[in-house]
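The values are calculated or read from the model by the stated rules, or taken from the named source; none is laboratory data. In this text, all values refer to a predicted model and were calculated from it rather than measured experimentally. Backbone-built Cβ (ideal geometry, glycine too); neighbour counts: all protein chains shown.
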Amino acid sequence: MDQLIQIKVICSSISLFSSITVALLFLSNPKLRTPTFRLVLQLQIADALFALASIINSNDENNGLCQFQAFLVNYSRESSIIWIGIFAYNMSATIVDNEELPGLLKFYVIAIGIPFILSAYPFAWDAYGLNYSMCWFLPYSIVLMIVDYFILCIGILFYIIYFYIKIYNFLYKVTEIKSNKLFLYPLSFLLTQIWTMIDIFQKYDENSKNYSFKEVAVAFVSLQGFINSLVYGLTPQVLEIIKSFFFSSNSKNEQQLQNESQYIDSSRQQSFMMPMGLDSRSSSNNSQQISRFNQQLVFAIKQQQKL
């Protein structure tokens, strides 16, 4: 148990630091304050809250601190999962469908209300308690784990896979642009959640007791904030800000940096394309297709900016 606690605290501390760093970059740089990056900010807040809740150590499942940790762990974890789904929907609706999004308020209601309900009702069954290295669902609460967590994870996984395949096909069809990073979004989600889902079934299946994924499950779920920071928060625009902070005094003057920022913004067609890290090298020289894509993209950006 001590080893699990050490793994959890170390990995959660890394996640907490990375999530706070991305949030501070957003708050301190006006050009990052775009509708799409606001979704990234909400994801980082949920991940930071989950990391903070995971660091809490409570060995007594009957005290109030353990119950509070269990609620906060479940709430922040599910909120992060839902924000990942909202991010996928946002990108697909803006890039592919040219839809005017309903506004962030609706997303807040979904990403706050659903996790709160799913995290509150287990109190009625006294289902919260010590589970390995932290307070969460009690080990014997298999049904609640499946209903409350497993079904949500599987649903969001297929949800985001559908939208990212849709985006990939659209980009390739219109301009033959390939964004391999699109596949990192569902892959990172699967990487952080799959071990916990396997562990849940291990508790249910008596024949699988010889195989333990406890350490792996604790490590990867605790690194959730760090992995999401890399995949969602470390965009080319963020990298440029970091580079300008460290190297501007040596190699570039302020006017050059300002010109580069303007070039980056225009060439990458504003913020919602930035997280994808698109490879703009097209295998086709069909300028008509590229022009058509840019027109659709500009129209979608104008709709997005109305949020």
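What are the pairs with Cβ atoms under 8 angstrom where one residue, in region 159-172, is in contact (Cβ under 8 Å) with a residue 60 or more places away in the chain and the other, located anywhere, is of a type in the set (K, R) and surrounded by fewer than 20 Cβ atoms within 10 Å (Cβ to Cβ)? Sequence gap at least six, or different chains.
L171/K178
Restricted to region 47-81, and to residues that are surrounded by fewer than 24 Cβ atoms within 10 Å (Cβ to Cβ) and touching a Pro at 6+ places or on another chain (Cβ under 9 Å), which residue is nearest to L182 (Cα to Cα)?
Checking each candidate, the answer is Y75.
Within region 89-104, can one find any residue that is surrounded by 15 or more Cβ atoms within 10 Å (Cβ to Cβ), free of Cβ contacts under 8 Å to residues at least 60 places away in the same chain and either touching a strand residue (DSSP E or B) at 6+ places or on another chain (Cβ under 8 Å) or outside any helix (DSSP H, G or I) (or both)?
no
Here's the yes/no breakdown for (1) surrounded by fewer than 19 Cβ atoms within 10 Å (Cβ to Cβ); (2) within 23 Å of F87 (Cα to Cα):
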site: I117; (1), (2): yes, yes
site: L138; (1), (2): no, no
site: V174; (1), (2): yes, yes
site: I198; (1), (2): yes, no
site: F201; (1), (2): yes, no
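Run G129 past the list (1) closer than 25 Å to K214 by Cα; (2) surrounded by fewer than 17 Cβ atoms within 10 Å (Cβ to Cβ); (3) out of contact with any helix residue (DSSP H, G or I) (no Cβ under 6 Å at 6 or more places or on another chain) and report the number of the one that doesn't hold.
With respect to (1) closer than 25 Å to K214 by Cα; (2) surrounded by fewer than 17 Cβ atoms within 10 Å (Cβ to Cβ); (3) out of contact with any helix residue (DSSP H, G or I) (no Cβ under 6 Å at 6 or more places or on another chain), G129 is out only on (2).
Starting from region 141-157, keep only residues that are closer than 14 Å to S80 by Cα, then list their pairs with residues that are charged (D, E, K, R) and crowded, with 20+ Cβ neighbours inside 10 Å whose Cβ atoms are within a distance under 7 Å, requiring at least 6 positions of separation or different chains.
These pairs meet every condition: L152/E78.
Kindly indicate whether L190 is modelled with pLDDT of 90 or more and in a helix (DSSP H, G or I).
Against the criterion (modelled with pLDDT of 90 or more and in a helix (DSSP H, G or I)), L190 qualifies.
Just to be sure I understand, how many residues within region 39-74 are farther than 22 Å from V22 by Cα, assigned to a helix (DSSP H, G or I) and touching a helix residue (DSSP H, G or I) at 6+ places or on another chain (Cβ under 7 Å)?
3
I want to confirm something. Restricting to region 215-233 and keeping residues that are small (G, A, S) and under 13 Å from the mean Cα position of the chain (by Cα), which single residue is farthest from S15 (Cα to Cα)?
The extreme case among them is G233.
Has region 51-65 got at least one residue that is in contact with a strand residue (DSSP E or B) (Cβ under 7 Å, 6 or more places away or on another chain) and more than 20 Å from A217 (Cα to Cα)?
Looking through region 51-65, at least one residue is in contact with a strand residue (DSSP E or B) (Cβ under 7 Å, 6 or more places away or on another chain) and more than 20 Å from A217 (Cα to Cα).
Does region 115-135 contain any residue that is farther than 27 Å from A217 by Cβ, touching a Leu at 6+ places or on another chain (Cβ under 9 Å), at pLDDT below 95 and in a helix (DSSP H, G or I)?
no
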